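No value in this document is a laboratory result; all are computed from the given coordinates. Please read all numbers here as calculations on a predicted model, not as lab measurements. Virtual Cβ from ideal backbone geometry, glycine too; neighbours counted across all protein chains shown.
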Amino acid sequence: MPSIDRLPPIPLTIRGPQEVPPGTAVERGAGFADTLKQFVSDVNEMQVAADDKTKKFATGEIKDIHEVMAATEEAGISLMLLIELRNKALDAYKELMRTPV
């Protein structure tokens, strides 16, 4: 039976701060509020785009119903996610208010 060679130990190295690509949210220092504002803005844009596609479909400018339905569903799912985020934030706030000081 052939012998199994022992593997060398894995050296543990401590890494320094990771490089952050310029222009990213972490590099700019974007916080939770900025991220939330951007998400609300994105959801609003999706809602407006879905409404625009629906109007264009009604007037005959867009013939593909699948494009309209996909945009509408994407906007709806994004809105539901935003509502759930709001509900979770309110629940967290209420829990903090119940905490004795």
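Screening P100 against (1) surrounded by fewer than 10 Cβ atoms within 10 Å (Cβ to Cβ); (2) over 28 Å from the mean Cα position of the chain (by Cα); (3) assigned to a helix (DSSP H, G or I) leaves a single unmet condition, (3). Within the range 52-79, the residues that satisfy the criterion of being farther than 29 Å from L36 by Cβ, of a type in the set (A, V, I, L, M) and not in a loop (DSSP other than H, G, I, E, B) are A58, I65.
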